[in-house]
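**Student:** Shown below is the structure under consideration.
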Amino acid sequence: MGEAILFTLFSLSAVAFALGMVFRRNAVHCALHLVGVLLSLSGMFVLLHAQFIAAIQILVYAGAIMVLFLFVVMLLNVKGETPLLTPGAAKGFGFFFAFIAFVELLWIVVSQGGTEGEPAPVPALPPNFGSPAEIGKILYTTWLFPFEVTSILLMIAVVGAVVLAKRKFA
Amino acid sequence: MDAAFLIESAVKVLIVLGFVLLGVPLIVWMERKVIGHMQDRIGPQRVGPFGLLQTIADGIKLFFKEDLIPGQADRVVFFLAPALSVITAFVALSVVPFGDKVTVFGRDVPLHVADVNVAILWVLGTTSMGVYGIVLGGWASNSKYPLLGGLRSSAQMISYELAQGISLVSVILMTGTLSLAGIVAQQEHMWFIVPQFFAFVIFLLCGIAETNRAPFDLPEAETELVAGFHTEYSSMKFALYFLAEYANMMVVSAVAISVFFGGWRGPFLPPVAWFLIKLSLFLFFFVWLRATFPRLRYDQLMAFGWKVLLPASLLNLAVTAVVVALTG
């Protein structure tokens, strides 16, 4: 019962913030709405017993990445940016992609939800599910290769950023 | 989730909230008194015994001051920013254990609001959210000095968060838990300041920078930026920023105590008393620093964070990892 209430609360706020992010004109307001979305999602992660992911969501996305976004938005002072497309073309693109997304969702619902009767029972969670220790273990055994590849990717990005930033002074 | 648990949690939330709200005026009084004496003055002494009620009087004065909002300000964000500052500071305190289990009405009550299994990440996450209060306050005022102060603070806090997080990781490596209660439980025989002295120094320096206290108070450097991010704030909104700064000092001190100084552990006296004693010593240290050091220059601050603290914390982490791996 309590979980259902919390889930509704978080999902409603996530959708509301997401809509706000799309529709607000002011870039800083958009960024703030995105922070709201991230916080709501982190609440959902807690409901899914993924406390570690929830904390990381706040720490990394809401606390670090979005602050940098905000930093850039404020420094550049984006006010009325010139639109890339004419309003008509933008609308056309919008409808086109919305239609594709709709078909995709419909496809998933039709292909998955076709089975009759009771939904499959949720399997019992293993002990310590979602705890940092368990996640660490999985990351360093089953998913070691993707994990290391990601770290190299991030390393490349860091080196690239430094090279690009240094070029000015050379 | 039974009713007793809900009542217990509500009571604990109120205790922590009340403690911070009552504690902050006391800290402010202590700060003014101590700095006064360090500068060969006597500090507040007119209102109440030893001037104890001075900050209460100041608080009441702030309540009744006119609330000014700049004409070009972004009103919603202008309102939101101080509230964000205070909320993040309060929320961080919810995971700090301030005493051992006590038995109330036949019920074992652990003395912390919530024992989250990712408590340290929670504290780091909420304090990193605290940047928003300052940055947004600076931006929403739509004025030069606040914006500069806000931008400075975002750069400063992000830079120092890194080294702070990494310094805590070396303790996590030793304990194998992210729960503050769990870390306190493992310090029965030895406080972690002994094996992790360098981690403590790095954590404390970053903590001072995170709370924007002297000598790292560049976001509000009054000689350059009038008052930095809160230049345009007045009345109770200014008071909220004030409250948040001192609440954040409490957060940093409480985490440092729990991670490096055995939390509520100590001989003879009850655990809560030990916690309060350690907390007061830390807060005194913060005040002492402010009275002693001049403010850093901005480039010095950045260089210190990225070129000294970050490599030092990484080195400390590497050494800890090797030692932990060798000794098992």
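**Student:** Counting only protein heavy atoms, what percent of the accessible surface of the protein assembly as shown is carbon or sulfur at a 1.4 Å probe?
**Tutor:** In the protein assembly as shown, the share of accessible area belonging to carbon and sulfur is 74 percent.
**Student:** If one computes the Cα centroid of region B:1-56 and of region B:105-160, what distance in Å separates the two points?
**Tutor:** When both Cα centres are located, 20 Å separates them.
**Student:** Apply the Kirkwood formula to region A:1-77: the hydrodynamic radius equals the inverse of the mean of 1/r over all pairs of different alpha-carbon atoms; give it in Å with one decimal.
**Tutor:** With all distinct Cα pairs of region A:1-77 included, I get 12.9 Å.
**Student:** Right, here's the next one. Just B:S167, B:S179, B:S143 to compare: in a GNM of chain B, with alpha carbon springs under 10 Å, which one fluctuates most?
**Tutor:** The residue that fluctuates most here is B:S143.
**Student:** Tell me the total accessible area that B and A bury against each other, 1.4 angstrom probe, in square angstrom rounded to 100.
**Tutor:** 1900
**Student:** Determine the shape class of region B:160-255: with a ≥ b ≥ c the square roots of the Cα gyration tensor eigenvalues, call it rounded for a/c under 1.5, and otherwise prolate if a/b is greater than b/c, oblate otherwise.
**Tutor:** The shape class here is prolate.
**Student:** Let me know the volume per residue of the alpha-carbon convex hull for the protein assembly as shown, in Å³.
**Tutor:** Per residue, the Cα convex hull of the protein assembly as shown comes to 217 Å³.
**Student:** Still on this structure: Which one, B:V251, B:A181, B:A81, is farthest towards the positive end of the dipole of region B:64-327 when Lys and Arg carry +1 and Asp and Glu -1 on their Cβ?
**Tutor:** Projecting each Cα onto the dipole axis, the largest value belongs to B:A181.
**Student:** If you don't mind, there's one more thing I want to ask. Between A:M66, A:M74, A:M44, which gets the highest mean-square fluctuation from a Gaussian network model of chain A, Cα cutoff 10 Å?
**Tutor:** Looking only at A:M66, A:M74, A:M44, the largest GNM fluctuation is found for A:M74.
**Student:** Who wins for biggest fluctuation among A:L76, A:L34, A:L12 in a Gaussian network model of chain A, springs between alpha carbons below 10 Å?
**Tutor:** The residue that fluctuates most here is A:L76.
**Student:** Kindly identify chain A as rounded, prolate or oblate by the Cα gyration tensor criterion: order the square roots of the eigenvalues as a ≥ b ≥ c, call it rounded if a/c is under 1.5, otherwise compare a/b with b/c, prolate if a/b is larger, else oblate.
**Tutor:** Judged from the Cα gyration tensor, chain A comes out oblate (a/c at least 1.5, b/c at or above a/b).
**Student:** Something else: Please say if region A:128-170 is rounded, prolate or oblate, where rounded means a/c under 1.5 for a ≥ b ≥ c the square roots of the C-alpha gyration tensor eigenvalues, and otherwise the choice is prolate for a/b larger than b/c and oblate otherwise? Intermediate results must be reported in sequence, preceding the final value.
**Tutor:** Values: a/c = 7.47, a/b = 3.26, b/c = 2.29.
Here region A:128-170 falls in the prolate category.
**Student:** A further question follows. Based on the Cβ-Cβ distance from B:W306 to B:F79, what FRET efficiency comes out when R0 is 56 Å, to the nearest 0.05?
**Tutor:** It comes to 0.95.
**Student:** When you look at the Cβ of every residue in B:120-127, what mean number of other chain Cβ atoms sits within 10 Å?
**Tutor:** 5
**Student:** Can you give the longest run of chain A that contains no trypsin sites (Lys or Arg not before Pro) sitting in a DSSP loop with at most 13 other Cβ atoms inside 10 Å? Don't skip to the answer; put the middle values down first.
**Tutor:** Values: sites that count: A:R25, A:K79, A:K168.
After excluding every exposed loop site, the longest remaining stretch is A:80-167.
**Student:** Per residue, how much accessible area does region B:64-327 show when a 1.4 Å probe rolls over the protein heavy atoms, in square angstrom?
**Tutor:** Accessible area per residue: 42 Å².
**Student:** Determine the shielding of peptide B:157-165 by partner chains: average, over its residues, the number of Cβ atoms on other chains within 10 angstrom of each Cβ.
**Tutor:** On the way: counts 3, 6, 0, 0, 4, 1, 0, 0, 1.
Neighbouring Cβ atoms belonging to other protein chains average 2 per residue here.
**Student:** Right, here's the next one. Region B:189-204 to region B:217-283: how many Å between their Cα centroids?
**Tutor:** 20
**Student:** Another one. Give the longest segment of chain B that steers clear of chymotrypsin sites (Phe, Trp or Tyr not before Pro) in DSSP loops with at most 15 neighbouring Cβ atoms within 10 Å, not counting the sites themselves.
**Tutor:** Free of exposed loop sites, the longest segment is B:106-267.
**Student:** Let me ask something else. Chain B: longest stretch without exposed GluC sites (Glu not before Pro) (DSSP loop, at most 13 other Cβ within 10 Å), sites themselves excluded?
**Tutor:** The longest such stretch corresponds to B:189-328.
**Student:** With every protein chain present, what is the per residue accessible area of chain A (1.4 Å probe, Å²)? Could you put the intermediate results ahead of the total?
**Tutor:** On the way: 13010 Å² over 170 residues.
Solvent-accessible surface per residue comes out at 77 Å².
The values are calculated or read from the model by the stated rules, or taken from the named source; none is laboratory data. Quantities reported herein were computed from a predicted structural model and do not represent experimental measurements. When we count neighbours, we look across all protein chains shown, and the Cβ atoms used for this are built from the backbone with ideal geometry, even at glycine. Ligands, DNA and RNA are excluded from the accessible area calculation, which covers all protein heavy atoms including side chains. Shrake-Rupley method; radii C 1.70, N 1.55, O 1.52, S 1.80 Å.
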